[in-house]
Amino acid sequence: MVKFGTYYTAGALFFAYRWRLPLSNWLAGLSAALLTAGALAGHVSAFAALPLAHLCFWLSVRLPLNRVGSKNNISYGTYVYAFPLAQMLVLFGAQKAGVAWFIFFCIALTLPFAWASSILVEKPALALKRKDPRDLSRAAFSWLTRRRAKAAKPDVTE
């Protein structure tokens, strides 16, 4: 737990002081070099929290990924469908192909479900956010009243 606490604390500190954090290329290079040297020496977990946090923040600013997820955000669908689909793959024995293939199968199966959820569920639900709830209840009441009136009318087709 202590090891994970250091990573969490490093990320929290970098977030708290994000406006004062120097995100220069040479510091990112130094962070990458420290992580590589630690990994080669087999002691990366002893000091990796700060360099890893710095490298993650630097990459989040420098990589041109600002448009990813701007049109269709699949994160919620991924969250919802990944576990059940992975369990289904286990039922069919996909884990026997090895860890790398199992992860590939999970991602390949989850992404279409997450994308469909984004288009068919989340977008329409988010469109309702801008509407007045009173208008929605009036429309539902009006639809229900018309439906009941139509059902109550006798069919005169003789």
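Values in this text are rule-based calculations from the coordinates and carry no lab data. Just so it is clear, the structure is predicted and the values come from calculations on it, not from any experiment. We place every Cβ from the backbone using ideal geometry, glycine too, and count neighbours over all the protein chains shown.
Observations on the structure shown:
- Pairwise FRET efficiency - Leu126 versus Ala39, Cβ, R0 = 41 Å, nearest 0.05: 0.45
- Normalised per residue, the volume of the convex hull around the Cα set of segment 1-104 (Å³): 170
- For segment 2-62, a/c is not less than 1.5, where a ≥ b ≥ c are the root eigenvalues of the C-alpha gyration tensor, and a/b does not top b/c. That puts it in the oblate class.
- Cβ-placed point charges (K, R +1; D, E -1), dipole of segment 75-150 about Cα centre in debye, nearest 20: 680
- Listed by chain and number, the lysines placed with their C-alpha closer than 21 angstrom to that of Lys123 are Lys71, Lys131; residues fewer than eight positions away on the same chain are left out.
- Overall, the chain carries a charge dipole of about 660 debye about its Cα centre when +1 sits on the Cβ of Lys and Arg and -1 on the Cβ of Asp and Glu, all other atoms neutral.
- Cα-based helix-to-principal-axis angle, 2-16 vs the chain, degrees rounded to 10: 70
- Helix 49-62 vs. the chain, principal-axis angle (Cα, 0 to 90°, nearest 10): 60
- C-alpha long axis of helix 133-152 to longest principal axis of the chain, angle in °: 40
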